[in-house]
Each structure stands twice: as C-alpha cells, then as structure tokens.
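The structure appears below as structure tokens.
The values are calculated or read from the model by the stated rules, or taken from the named source; none is laboratory data. Here the structure is a predicted model, which is why all the values come from computation and not from measurement. Note that each Cβ is placed from the backbone with ideal geometry, even for glycine, and that neighbours are counted across all protein chains shown.
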Ligand SMILES: Cc1cc2nc3c(=O)[nH]c(=O)nc-3n(C[C@H](O)[C@H](O)[C@H](O)COP(=O)(O)OP(=O)(O)OC[C@H]3O[C@@H](n4cnc5c(N)ncnc54)[C@H](O)[C@@H]3O)c2cc1C
C-alpha cells in the first residue's frame, strides 16, 4: 500500500512554515495588497529567522531556494541506499505551499528565498554555492521581445579579460528591486542559437545594472516586479553558472534544468492558495448550513457541496503531482515531464478553485470582507510565470509524443 503521509522531519518544517504563514503573513496580507510597492518591513524579522535557521542547518522557511538537500551525508547515504530520498526539493515545495497558504505575494518577497536561489541551487558548482549560497537571488529571463519563447534571449554577455560584460533589458523580474543578486539569462554568441544561452549571477551593485521601473499588477502586490537595464554591466568571469562552453548537441539543457526545480515550486504556491480558498469556502458553506459529506454520493448533495468536493479532488491531484515532481528531482530522476504536468495542473486548479470560491461565496466572496477575492487575483500569475498553462501543455505533449520543439510548437 502507498503511504501518502509526510515523513516526520518534513512535517516539522512544514508546520513551522505554516505557523509563519498564519502568524506573520495573514495578519498583514490585506495591508500590503492595498499598499503596492511598500516594503513589508515585517519580512526583516523573517530574514533574521531564515538566516538563523540556515546557520543552524534547519530547513529554510519560505522554500524557493530549494534544490539541494540539507541532510547530512550519513542521512543521504542511508536514504539513497533505500532509493527514497526526500531532500531540498521536497522540503522547499512543502514550505512554499505552506507560506503561500498565508500570502503568495509575501512568500515571493521572503528575503534570501528568490527563484534565482533555486536556479543557483540547481546548477551552481560547489565553489559558486559557497559564494552564492547566502544571497537573495531573483531570476531574469523575460525580455521586451519575448516571454514564453525562452530560446529567444537577446541580452548579450561578452567576455572581456576577467569580466563578462552584459547588455540588454529584462522585464517582469520578481523581487527585481529588493534582491541582492539577479540570475540573468544571456547569450554568449547569438549565431549559435539556444546552446549559447547561459545564466549569470549579477550582484546588485554591479556597475551598469539599474532598475528602470516597477510594475503595477492585478495581484501579488506585496511582491515587487521590476524592469532591469544592463548597460555594459560588468561581473566577474566566474559568475557564469555551469560551463561557459557552448555545446550545440546539448542545446540549452543546462539553463532549462532550472525549470525542473522551480516549476514544482510554483505549482506548490498555487496549491497553497487553492487550499486557503477551500478552507475559507468550507467555513462559509458550513455557516450557511451546507453539509459537505464524504459518505453521500455528490449527486445527492447540495450543488455547492458537490462543487466543493470536485474542487477538493482537483486540489488533491495537483498536490500529488507536485509531490511526485519534487520527489523525482530529489532522487535525481529526470522530471521535466512531471514538473510541467504538476505546474499545468496546479496553475489551472489555483485559478479555478479561487474564482469558484468567490462565486460560491457570492457577495461576501467579491467583497474585501474576506481574502477570497484577493486569492482570485493572486493565483492567476501562478498559471503564467515559469511557463504559462499553454507552454506546460506543449511540453507535456512533446514529451509524451516524442516530438522536438521544432516539430511541435
Ligand atoms: C507578476 C509577474 C512576475 C513575473 N516574474 C518573472 C520573473 O521573475 N522572471 C522572469 O524572467 N519573468 C517573469 N515574468 C514573466 C513571465 O514569465 C512571462 O510573462 C511568461 O513567460 C509569458 O510570457 P509573455 O507574457 O511574453 O506571454 P507570451 O509568450 O507572449 O504569451 C501570450 C499568450 O500566448 C500563449 N502562447 C505563447 N506561445 C504559445 C505556443 N507556442 N502555443 C500555445 N500558446 C502559446 C501563452 O501561453 C499566453 O497565453 C513575470 C510576469 C509577471 C506578470
């Protein structure tokens, strides 16, 4: 029989993240939704806590920095022998889920837990991990000329002596103003196509890097979204992540590997928001006298209860798909297909559940008396960034049908 319960160690860190979500995020959730671009000062307390936990070897709270296990070598060896490791990816996923249950905009603003941290954890060499292990890294891929087609990167990186010189514009960079470092995708040789796309760690104080402006958005207003300019921006030669060699055979598998770690994380964020909405809806329905029963067929229940049960089933399957993708990453199994499946399912479930909850709660759902309408707005981005719903479906189709990106676009 499959045991779907979380191991004790993971449960403890997920509980800790849940407490942060409940006690720090929820009370200030509306405040920063109404004050876009204000820095949530409460997160500084969290930063200190995260730093302390990282120093003591305990798992981090927010989770976006996932990718490498913090387990001891002995623990890892033991679990690897059993062929069943739960490492950094699984822990990061659960923490992201719990903190997003509190507030996904704030979760994306947790210092030292950016999506760029996951990229660093996924592909950095050991020496780079030492240098960049404690930075707060955002992730800059998107440019004015493309979003979904990440092979179209036009920002350039040219080696000049001991430094890379970067030129280009990056848009919609989450935590792009607040992070201490930015992981920037750039091409080292446009004529060589996607194989020449590499990622670079750009420190905030690098000469030639500037924030052009911040975006105003539908949701996740607590999170800063920046336009960044790289104008003859100079960084040290060894700030390139992965090999500087251009391997045309391998394509841009190196940088794409990041997504195998970050997509399940974004799925977890959507699952966290969906769970928040389901819980709120359950209490509203219960207060309105609607019984939700697990013993009676849905067709014999109140229509709202039937909708609730359908959404809960979707939520469960999204959750299990995300667990599978993270488990595969922790166990070094290729998971691009499963990462995209989990992101597609969770992204859609997040928007479906939150908007349906607004609908079923009626006027209360649409008003600001609860956070339901906010979750409806917040969840949409989770079906857009790190690859839209359509792009995830495309990747799944390519993998299942054995087609290349040229054959199926
Ligand atoms: C709040 C916010 C935060 C973000 N944070 C970051 C960040 O931190 N770092 C970063 O690099 N980027 C970030 N982004 C950018 C985000 O990743 C892109 O918006 C996303 O990849 C989609 O790109 P696009 O907006 O250019 O849409 P497009 O690529 O122009 O797509 C438009 C529509 O067409 C669909 N589409 C595109 N191609 C296909 C196809 N082949 N088949 C079928 N349908 C297709 C898409 O699914 C979408 O529905 C962020 C965006 C937002 C709004």
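Highlighted here are the helices (runs of 4 or more DSSP H) found entirely within segment 341-409 that include at least 1 residues which are within 13 Å of the ligand (Cβ to nearest atom): 372-380, 389-401. In summary, residue 166 fulfils each of the numbered conditions (1) under 23 Å from residue 395 (Cβ atoms); (2) in a strand (DSSP E or B) with the single exception of condition (1).
Residues in segment 283-315 that are more than 19 Å from the chain's Cα centre (by Cα) and within 23 Å of residue 95 (Cα to Cα): 311, 312, 313, 314.
If you check residue 174 against the conditions, is it closer than 22 Å to residue 123 by Cα, buried (at least 20 other Cβ atoms within 10 Å of the Cβ), more than 18 Å from the chain's Cα centre (by Cα) and in contact (Cβ under 8 Å) with a residue 40 or more places away in the chain? Explain how you work it out, then say what you get.
Values: closer than 22 Å to residue 123 by Cα: yes; buried (at least 20 other Cβ atoms within 10 Å of the Cβ): yes; more than 18 Å from the chain's Cα centre (by Cα): no; in contact (Cβ under 8 Å) with a residue 40 or more places away in the chain: yes.
Against the criterion (closer than 22 Å to residue 123 by Cα, buried (at least 20 other Cβ atoms within 10 Å of the Cβ), more than 18 Å from the chain's Cα centre (by Cα) and in contact (Cβ under 8 Å) with a residue 40 or more places away in the chain), residue 174 does not qualify.
Within segment 241-264, take every residue that is part of a helix (DSSP H, G or I) and more than 12 Å from the ligand (Cβ to nearest atom) and give me the one that is surrounded by the most Cβ atoms within 10 Å (Cβ to Cβ). If we take residues in segment 241-264 being part of a helix (DSSP H, G or I) and more than 12 Å from the ligand (Cβ to nearest atom), then 264 is surrounded by the most Cβ atoms within 10 Å (Cβ to Cβ). No other residue among 176, 105, 116 is within 13 Å of the ligand (Cβ to nearest atom) and in a loop (DSSP other than H, G, I, E, B) apart from 176.
Looking across 238, 232, 205, one residue alone is surrounded by fewer than 21 Cβ atoms within 10 Å (Cβ to Cβ) and part of a loop (DSSP other than H, G, I, E, B). It is 205.
Any idea which residue in segment 130-154 is farthest from the ligand (Cβ to nearest atom), counting only those that are part of a helix (DSSP H, G or I) and modelled with pLDDT of 90 or more? In this case the residue turns out to be 130.
Per-residue answers, yes or no, for (1) under 15 Å from residue 114 (Cβ atoms); (2) at pLDDT below 95:
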| position | (1), (2) |
| --- | --- |
| 176 | yes, no |
| 208 | no, no |
| 227 | no, no |
| 241 | yes, yes |
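Taking residues in segment 137-153 that are in contact (Cβ under 8 Å) with a residue 40 or more places away in the chain and more than 21 Å from residue 211 (Cβ to Cβ), and partners anywhere that are more than 6 Å from the ligand (Cβ to nearest atom) and assigned to a helix (DSSP H, G or I), the pairs with Cβ atoms closer than 7 Å and at least 6 places apart or on different chains are 151/194.
Considering each residue of segment 318-332 in turn, at least one proves to be closer than 24 Å to residue 360 by Cβ and crowded, with 19+ Cβ neighbours inside 10 Å.
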